[in-house]
1. Are any of the residues in segment 60-70 of a type in the set (Asp, Glu), open to solvent by 80 Å² or more (accessible area, probe 1.4 Å) and assigned to a loop (DSSP other than H, G, I, E, B)?
2. Quick check, is Leu2 hydrophobic (A, V, I, L, M, F, W, C), surrounded by 13 or more Cβ atoms within 10 Å (Cβ to Cβ) and either in contact (Cβ under 8 Å) with a residue 12 or more places away in the chain or on the phi > 0 side of the Ramachandran plot (or both)?
3. All but one of (1) in contact with a strand residue (DSSP E or B) (Cβ under 8 Å, 6 or more places away or on another chain); (2) among the β-branched types (Val, Ile, Thr); (3) part of a loop (DSSP other than H, G, I, E, B) hold for Thr57; which doesn't?
4. Can you tell me which of (1) basic (Lys, Arg); (2) open to solvent by less than 90 Å² (accessible area, probe 1.4 Å); (3) modelled with pLDDT of 80 or more is the one Arg51 doesn't meet?
5. Being more than 19 Å from Leu71 (Cα to Cα), part of a helix (DSSP H, G or I) and among the small types (Gly, Ala, Ser) narrows it down to one of Ala48, Ala44, Ala32, so name that one.
6. What pairs come out if I take residues in segment 54-83 that are without any contact (Cβ under 8 Å) to a residue 60 or more places away in the chain and pair them with residues that are open to solvent by 80 Å² or more (accessible area, probe 1.4 Å) and part of a loop (DSSP other than H, G, I, E, B) whose C-beta lies under 7 Å away, six or more apart or interchain?
Amino acid sequence: MLLRRIGSAGTSPVSLADAKAHLRVGHTEEDALILALIDAACDAIGQASGRVLSTETWEIADTGFLDLVRLPKSPVVALTSVK
């Protein structure tokens, strides 16, 4: 099974402002690093739990279907097509 993220809503469950407040960072020099750390943490949590923390679009490709198809990510909001 091939699983590929093809789109993201661009929003994170943790805002830059909240992360900076938690870290007690008052300047902007570390903003890019903090955003990268937020993204890495969300990816790690998603991989460990199989859950998606924000709205994302995924493509799943398989060689064939049997009686049951298990989706590897949750929660599922919409299923666009099955071919």
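The values are calculated or read from the model by the stated rules, or taken from the named source; none is laboratory data. Bear in mind that the values here come from a model prediction, so they are computed numbers and not experimental data. Every residue, glycine among them, receives a Cβ derived from its backbone with ideal geometry; neighbour counts consider all protein chains shown. Accessible surface areas use protein heavy atoms only, side chains included; no ligands, DNA or RNA. Shrake-Rupley method; radii C 1.70, N 1.55, O 1.52, S 1.80 Å.
1. Among the residues of segment 60-70, at least one is of a type in the set (Asp, Glu), open to solvent by 80 Å² or more (accessible area, probe 1.4 Å) and assigned to a loop (DSSP other than H, G, I, E, B), which makes the answer yes.
2. no
3. (3)
4. With respect to (1) basic (Lys, Arg); (2) open to solvent by less than 90 Å² (accessible area, probe 1.4 Å); (3) modelled with pLDDT of 80 or more, Arg51 is out only on (2).
5. The unique qualifying residue is Ala32.
6. Partner pairs satisfying both residue conditions: Ser54/Thr11; Ile60/Met1.
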